[in-house]
Amino acid sequence: MCSTDLRVEEAPTGELVALLSKIAAELADRPAPESAAECLELTETLAAAIDLQEAALAGLVCVVDAGREAQRWGYASTQAWLRHRLGMRDARAKERLTLARQRHRLGQVVQRWSTGDLSFGYAATIADAVARLDDPDCAAAERILLDMVDQDFSAAKLAVSGRRIRDVIAERDGTDQPPDDAARGYQHSWIQATRCLDGGRYINGWLNAEDAAIWDGTLGPLTKPAGTDDHRDLPERTAAALTTVLSGGHRATRVTVICDLDTLTGGTTPARLPDGTPIPAAQARRIALNAGVSPLLLGRGNLPLYLGKKVRFATGPQRQVLQALYPTCAVQGCQVPGTLCEVDHVHGWALGSSTDIDQLALTCSWHNRYKHTHPDRLTITKHHDGRHLYRLHHPKPHQPTTLNRPPPRPQAA
C-alpha cells in the first residue's frame, strides 16, 4: 500500500515522478474490479491520466534531446536511447521524439494537452503533420487540425487531413507530386524528390535488395567521420557521400554476396546480403558476375573459404567476413547497419590486440569513439556464434537524486 502526505503543488518534480511510479506499481499489482461497467469508467479515467503523463514526458524528453544527455550515456541519439533504455519500438520512439521537438511550435496543442483537453493521440498526430512545415504554415495547420478536434473528428481523420494539408502546400508552391512508381510495390526501385521553397529537396523512396546492396557498398565507406572534429551525424554524412558520388568524385562500388559454393555452381540454396536479406540462388549468380561485387563463399559450418579479388582496402577481406557476422553495430541495442560501421580491435590495438578475425568487431563511429574514451563503461562478451557483444554501463547522474527509479528492463542476450 502506498500512502503520502505530499503537497503536490510545492513538491519537486523528482518527488512527483517517484510518487507516480509507486502509484503505478500499486495499480499494476492489483486485480481489475469484477464489474465491467466500473472497469470501463476506470479505463477512461486512467487513459486520460496517462495522456497527461505523456505531456510531462514530452517536456522531459525535450530537455534530454536539447542537452544531448543521451549521448553522454553512450547512445548515438535520443531516439536510440528511447528504443533501448525505455524499450520502445522505433515507431513509438520516433513519435515521442517528434512531439518533444515540435512542442515549442504548437502552443495551443501543448496548452490543451497539458490541461487534459486534448489526448495524446491527437497531439501526436498534429505534431507529425506539421513536422516538415515552416512556422507560418505550422501555425495555420495547428488551427485547422484543432478545429477538426473540436468537431469530433477521429485521430485517423486528422492524419489524413494532415497529409492533405501538406499536399495543398505542395500544390500552392508548385512542387512535384509523388511519381506513379511509388505504387509499384517492392520489386522496382523508385526515388521521389520534392522541391522546397529555399531550393532544397526532400528525398524518399524505395530500393530493392540488389540496389540497396549497391547503395551500401558505394556510400558505406564514404560515410565515416572525417576526423575527431567531424560532428556531423550519420544522415548528414550520408548526404555528403551521395553528393560526392553524384559529382563524379567516387567511382568504386563494393558489394558482398554471401553464399555457398554450391549456389554459384548451380545449386538452389539461397544466398544473402551482409544485412541478412535473402537472395535467390539465380539472382545471386547473376549479380556475382557484376563489377564491384565480391562473393564470400562459405563451407560447412559457415567457414569462410574464399573472399574474391575485388579488394580495395588493406582490411577488405576481414571486413567482408565481419559484415557477415555483424548485421549491426556490436553494441547491444545499436541499430546502425554493419555496412556503415568501423572495424574495431575488441581489446584495443594499444593493449596488444592482434588484427585477427576473432579479435575484431564492427562498431558504429559513435560507439567506436565512445568505447575508447570510456572503456570502463562497456562489458565485452563473446557469443557462441563467434560475435563479440558490447554492453553499456550507464554513467552516474550529474547530481544525486532522490528519485526512486524502477529497475531497468532486462536486456535480450
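Calculated FRET efficiency, Gln53 to Asp152, Cβ-Cβ distance, R0 = 22 Å: about 0.35 to the nearest 0.05.
Considering only the other residues whose Cβ falls under 10 Å of the Cβ of Leu133, what net charge follows from Lys and Arg at +1 and Asp and Glu at -1? Spelling it out: positives minus negatives among the neighbours equals -1. The stretch between Arg164 and Ala131 holds 10.5 nm of extra length on full extension. This uses 0.36 nm per residue minus the Cα-Cα distance.
The order of the peptides 319-327, 375-383, 225-233 by mean Cβ neighbours within 10 Å, most packed first, is 319-327, 375-383, 225-233.
Annotation: region 15-167 has a Kirkwood hydrodynamic radius of 17.0 angstrom, from the mean reciprocal C-alpha pair distance.
Diffusion coefficient of region 53-121 by Stokes-Einstein, Kirkwood radius over Cα pairs, 20 °C, 1.002 mPa s: 174 µm²/s. Can you list residues whose amide H is under 5 Å from Ala330's amide H, if they're 5+ apart or on another chain and H is modeled 1.01 Å from N? Under 5 Å from the amide H of Ala330: Leu362, Thr363, Cys364.
Rule-based calculations on the coordinates, nothing more; no lab input. Because the structure is a prediction, the values reported are computed rather than measured. Virtual Cβ from ideal backbone geometry, glycine too; neighbours counted across all protein chains shown.
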